[in-house]
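The values are calculated or read from the model by the stated rules, or taken from the named source; none is laboratory data. If you're wondering where the values come from, they're calculated on a predicted model, not measured in any experiment. FYI the Cβ positions are ideal-geometry reconstructions off the backbone, even for glycines, and counts take in every protein chain you see.
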Amino acid sequence: MTFASLADQVRGRVLLPGDDGFTPGSKPFNERHSDVVPEAVLSVASADDVGAAITWAREHDVPLVARGGGHSYAGTSVNAGLVLDLRGLDSVHVDPSTSLVTVGGGTRMRALYEALRPHDIAFPLGNADEVAIGGLTLGGGVSAVSRAFGLTCDSLVSTDVVLADGTTVTCSADSHPDLFWACRGGGGGNFGVNTSFTFQARPVVDSATCLLLWEQDRAVDVVLLAQEVQRTAPDALSLRVGVTSNGVVSLIGWHLGTADELRALLGPLTGTRPFRCDIEDRTYWEAVEYVHHETAGGAFAGRTRTTSVPLPEEAVRTLVTAVSKWPGSSNPDGGGAALFGWGGAIGAVGVTETAFPHRDALFLVSLDTSWTSSDSPRVVRDNLEWLRAVHEDIGPHTANASYLNFTDPDLPDWRQAYHGPNHARLVEVKGKYDPDRFFQFSQAI
């Protein structure tokens, strides 16, 4: 395949294997999928490039995927054909009079926070620097402030989408409302390439954060107690409690209020004598940095479930026991289980009002494991089998529901798990805007 004719039609650079910039535009974040290498990468310079590339790819029968930050857990931001690297679409425009924020489709979290900070406004965003706005929003976008402010997609006002025929539409509640509905939780890569998003931001709120740590032998009691604290807490507080293979139980939280308020809310937990207990007042921007997530990288897999009630002791013991029996690897991230506090404003929106279906969940139960390229195939198999078994073992205590942005390429019954009662309508939207299924991947609508 020659890509010279594509290069003649676009302003951006067409990169082939070996060219400078090819690897950054095509390397998967999850090294589990590092064997997938595209024929070419188009470093997009404008939204017009996206339309031209889609038209060209259809004419030449070349599979195409769009890539924002490249953080797809399942590696779907890279394929064996043409990758549209959207990182050049990273403009951020703030209207101070309305607090409307228009963001290029390849804008990543670090740049977006930096653009919002001078205006002291924000909306729910991710906590990893290189995650891009497209994948976050299109999969729903659960943030550390979502219990108070809703999902990322709940702040979405409109979005520009380049469709499978190369044309562009702007969809909103009043224009192409069916596509707008699908773009709020139906998943990226399904209906077109989103080149721009406009959000309604709000003034930031001074905050408090916490980090509490315990030894592993306290895990069951701490997780049970943390669930109850989160269940009865105001929407201003969001907690994540985790049990990891390194023998530590952790609780990290963000409260849209004062440290004194947070200490009072966490009283039952601080009374259990954690070996570390940090509770401090923060500005909103300091809190963003505090909950910032980092990883050692390498290869990993994750699987999720949801629950609308706190997990019972039997389920918590199942999780804690499983983590203690993690099979091991050379990746320092190890394996673990975590409960993310949902509810609050997330549940204030109806299950079918947007494509994001998990509005009744009180907790996201997240399971993860990791390894590196130096580990043997047996280690990889053991890690994946461990993940499958834990997910199955907690099934009786949880819903068959999974968070789309923590995508799992091995997930059985993914249609129900990701989309629930909204899957049938998503199929209708897909049939209308991409009837030939030009945009496709293993778990595409």
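Some observations on this one:
- Residues in the stretch 399-421 that are more than 19 Å from the chain's Cα centre (by Cα) and assigned to a helix (DSSP H, G or I): 421 only.
- Conditions (1) touching a strand residue (DSSP E or B) at 6+ places or on another chain (Cβ under 6 Å); (2) part of a helix (DSSP H, G or I); number of the one not met by residue 221: (1)
- Residues of the stretch 361-397 satisfying the condition of being assigned to a loop (DSSP other than H, G, I, E, B), out of contact with any Phe, Trp or Tyr (no Cβ under 9 Å at 6 or more places or on another chain) and crowded, with 18+ Cβ neighbours inside 10 Å: 372, 375, 394
- If you go through the stretch 119-149 and pick out every residue that is among the acidic types (Asp, Glu) and either farther than 20 Å from residue 104 by Cβ or not assigned by TED's automatic domain parsing to the domain that holds residue 102 (or both), you end up with 1.
- Residue identified as within 21 Å of residue 312 (Cα to Cα), of a type outside the set (Gly, Ala, Ser), at pLDDT 95 or above and more than 22 Å from the chain's Cα centre (by Cα) among 435, 396: 396
- Given (1) surrounded by 22 or more Cβ atoms within 10 Å (Cβ to Cβ); (2) not in a loop (DSSP other than H, G, I, E, B), number of the condition residue 124 does not satisfy: (2)
- Subset of the stretch 34-60 [among the hydroxyl-bearing types (Ser, Thr, Tyr) and within 10 Å of residue 10 (Cβ to Cβ)]: 43, 46
- Test result for residue 301, under 18 Å from the mean Cα position of the chain (by Cα), over 30 Å from residue 419 (Cβ atoms) and either of a type in the set (A, V, I, L, M, F, W, C) or part of a helix (DSSP H, G or I) (or both): no
- Of all the criteria given as (1) more than 20 Å from residue 231 (Cβ to Cβ); (2) part of a strand (DSSP E or B); (3) of a type in the set (Gly, Ala, Ser), the one not satisfied by residue 338 is (1).
- Taken together, 308, 329, 324 contain a single residue that is surrounded by fewer than 20 Cβ atoms within 10 Å (Cβ to Cβ), more than 30 Å from residue 205 (Cβ to Cβ) and not basic (Lys, Arg), which is 324.
- Flag for residue 278 being surrounded by fewer than 14 Cβ atoms within 10 Å (Cβ to Cβ), in a strand (DSSP E or B) and over 22 Å from the mean Cα position of the chain (by Cα): yes
- For residue 289, the conditions (1) farther than 20 Å from residue 217 by Cα; (2) touching a residue at least 24 places away in the same chain (Cβ under 8 Å) all hold with the exception of (2).
- The strands (runs of 3 or more DSSP E) found entirely in the stretch 19-114 that carry 2 or more residues being surrounded by fewer than 22 Cβ atoms within 10 Å (Cβ to Cβ), in contact with a Phe, Trp or Tyr (Cβ under 8 Å, 6 or more places away or on another chain) and modelled with pLDDT of 95 or more are 100-104.
- Qualifying residue in the stretch 357-367 (condition: over 24 Å from residue 254 (Cβ atoms), at pLDDT 95 or above and not assigned by TED's automatic domain parsing to the domain that holds residue 69): yes
- Scanning the stretch 341-360 for residues that are surrounded by fewer than 24 Cβ atoms within 10 Å (Cβ to Cβ) and either more than 20 Å from residue 310 (Cα to Cα) or among the hydrophobic types (A, V, I, L, M, F, W, C) (or both) yields a count of 8.
- Of the helices (runs of 4 or more DSSP H) lying entirely inside the stretch 133-184, not one contains at least 3 residues that are free of Cβ contacts under 8 Å to residues at least 12 places away in the same chain, surrounded by fewer than 22 Cβ atoms within 10 Å (Cβ to Cβ) and over 14 Å from the mean Cα position of the chain (by Cα).
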